[in-house]
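Student: One structure follows; several queries about it will come next.
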Amino acid sequence: MKIPNKIKIANLPTPLEQLRFRNKRFLVKRDDYTGTDYSGNKIRKLEYLLYQAKRNGTEIVFTCGATQSNHCRATVAAAASLGIKTKLFLWGSDSDSADGNLFLSKLYGAKISFLNKKNYLNVNEIMEEEGDQLLKKGRKVYIIPEGGSTALGIWGYIHFINELKKQIDLKKIKGILCASGTGGTAAGLLVGAAINKLNLNIYTANVLYPKEKLQKKIMFLTEGVIRGYDLSCKIDDSKLIIIDGYSNEGYKNINSDKLKLINAVASETGMLLDPTYTGKAFNAYYDQFLLKGNGNKVIFLHTGGLFGAFSKRKKYLKNLL
Ligand SMILES: Cc1ncc(COP(=O)(O)O)c(C=O)c1O
């Protein structure tokens, strides 16, 4: 097994907490505490990716996502801390009142190209072409695909299992539930559990892609890391359980019932959930596990995303307050 190197940026280990909501206890792994600037799951992947970028003498990192991408904001902040510039290729448009992650990405000094939905479909080619042009001029570019979900990036969540097993006896735990966008977090958890021979279910709420597409992406990532790093483990695909139907309103939207649960969790536990990922995943967790009294058997993985709340504040104010 070849274990790649990483750079230390995130505040790890993150705490594993037990909270109580509506008189039911549950376990939550607080990856929203990985750091203020880097907050959330993406920094675990970036520790591996930016180690490689730094070692290659990179001057500028290219990456992509939606205008409120947490991955993009975390990349710009983390790259800045290493003296590397970032250019973002964002799906959406600019605005005078840029808020949340977009505002922060600008503040951390990102250059930004805005792409409409159709052009964004070719974002990888667009980044590569522009990267090639800079390369011809002798500039060193490092391209990070959407969400940092590559065979290298997902080591962040393979390593996460080693961290978690020092905090709790994972043999007594049935599973871990997280939100999925590009699928790298869930893929890393699956591989980490397999390497450690743990019988864990990885439950995930798909917020971006349809269930079948996400399933393929996650399995493709697990195969890539197993092949690329000579891992001897096998992935049992029945351990990946995609909980569908918690983002029917669309990736960039959230309905008022889900907002009400976010509000109730915040006011009862002091834990904030975001409107794009963790708020939807927690709705799934609440229905499937917490209501049934299984909050100590299945760990809720809080993957961060909190700055996204600011971009939705008008909707919050209309629905809640
Ligand atoms: C806050 C948050 N949670 C979960 C995810 C999903 O992670 P992944 O893309 O690895 O599936 C993302 C990013 O997509 C995110 O920003």
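The values are calculated or read from the model by the stated rules, or taken from the named source; none is laboratory data. Everything quoted here is computed from the prediction, not taken from an experiment. Note that we place each Cβ from the backbone using ideal geometry, even for glycine, and neighbour counts take in every protein chain shown.
Condition check ((1) within 16 Å of the ligand (Cβ to nearest atom); (2) buried (at least 24 other Cβ atoms within 10 Å of the Cβ)) across all residues:
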{"position": "P145", "(1), (2)": "yes, no"}
{"position": "I154", "(1), (2)": "yes, yes"}
{"position": "H159", "(1), (2)": "yes, no"}
{"position": "L164", "(1), (2)": "no, yes"}
{"position": "D169", "(1), (2)": "no, no"}
{"position": "K174", "(1), (2)": "no, no"}
{"position": "A186", "(1), (2)": "yes, yes"}
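Student: Quick check: anything in segment 97-118 part of a helix (DSSP H, G or I), more than 22 Å from the chain's Cα centre (by Cα) and farther than 25 Å from S39 by Cα?
Tutor: Yes - at least one qualifying residue is present in segment 97-118.
Student: Looking only at segment 70-90, which residues are assigned to a helix (DSSP H, G or I), more than 18 Å from S113 (Cα to Cα) and either in the same structural domain as F307 (by TED's automatic domain parsing) or in contact (Cβ under 8 Å) with a residue 40 or more places away in the chain (or both)?
Tutor: Within segment 70-90, A78, S81 meet the criteria.
Student: Within segment 209-221, is there a residue that is in contact with a strand residue (DSSP E or B) (Cβ under 9 Å, 6 or more places away or on another chain), in contact (Cβ under 8 Å) with a residue 24 or more places away in the chain, among the aromatic types (F, W, Y) and surrounded by 24 or more Cβ atoms within 10 Å (Cβ to Cβ)?
Tutor: Scanning segment 209-221, I find no residue that is in contact with a strand residue (DSSP E or B) (Cβ under 9 Å, 6 or more places away or on another chain), in contact (Cβ under 8 Å) with a residue 24 or more places away in the chain, among the aromatic types (F, W, Y) and surrounded by 24 or more Cβ atoms within 10 Å (Cβ to Cβ), so the answer is no.
Student: Let me ask something additional. Taking the conditions exactly as written (more than 13 Å from the ligand (Cβ to nearest atom) and either among the aromatic types (F, W, Y) or outside any helix (DSSP H, G or I) (or both)), does Q133 satisfy them or not?
Tutor: no
Student: Now for a different question. Which one of K260, K213 is within 16 Å of the ligand (Cβ to nearest atom) and over 22 Å from I158 (Cβ atoms)?
Tutor: Unique residue meeting the criteria: K213.
Student: With the condition being free of Cβ contacts under 8 Å to residues at least 24 places away in the same chain and out of contact with any Phe, Trp or Tyr (no Cβ under 6 Å at 6 or more places or on another chain), I'd like the helices (runs of 4 or more DSSP H) fully within segment 242-321 carrying at least 1 qualifying residues.
Tutor: 256-269, 278-285, 313-319
Student: Just to be sure I understand the filter: pairs with C-beta atoms under 6 Å, separated by 6 or more residues or on different chains, first member in segment 153-168 and in contact (Cβ under 8 Å) with a residue 24 or more places away in the chain and in the same structural domain as L231 (by TED's automatic domain parsing), second member of a type in the set (V, I, T) and within 15 Å of the ligand (Cβ to nearest atom). Which pairs pass?
Tutor: Close Cβ pairs (under 6 Å, with a partner that is of a type in the set (V, I, T) and within 15 Å of the ligand (Cβ to nearest atom)) amount to I154/V225; Y157/T185; I158/V191.
Student: Continuing with this model, one more query. I want to confirm something. Restricting to segment 182-203 and keeping residues that are among the aliphatic types (A, V, I, L, M) and outside any helix (DSSP H, G or I), which single residue is nearest to the chain's Cα centre (by Cα)?
Tutor: I202
Student: Please pick out the residue among K8, K24, K29 that is within 30 Å of S232 (Cβ to Cβ), assigned by TED's automatic domain parsing to the domain that holds M271 and of a type in the set (K, R).
Tutor: Answer to the check: K29.
Student: Say whether the condition of being closer than 14 Å to I299 by Cα, part of a strand (DSSP E or B) and not assigned by TED's automatic domain parsing to the domain that holds E59 is met by at least one residue in segment 204-224.
Tutor: So far as segment 204-224 goes, yes, one or more of its residues are closer than 14 Å to I299 by Cα, part of a strand (DSSP E or B) and not assigned by TED's automatic domain parsing to the domain that holds E59.
Student: Now, a different point. One residue is enough: does segment 287-300 have a residue meeting the conditions closer than 26 Å to G147 by Cα, within 10 Å of the ligand (Cβ to nearest atom) and in contact with a strand residue (DSSP E or B) (Cβ under 6 Å, 6 or more places away or on another chain)?
Tutor: no
Student: Within 13 Å of the ligand (Cβ to nearest atom) and of a type in the set (S, T, Y): is that true of T222 in this structure?
Tutor: For T222, the condition - within 13 Å of the ligand (Cβ to nearest atom) and of a type in the set (S, T, Y) - is met.
Student: Considering segment 226-241 alone, what residues qualify as being in a loop (DSSP other than H, G, I, E, B) and not aromatic (F, W, Y)?
Tutor: D230, L231, S232, C233, K234, I235, D236
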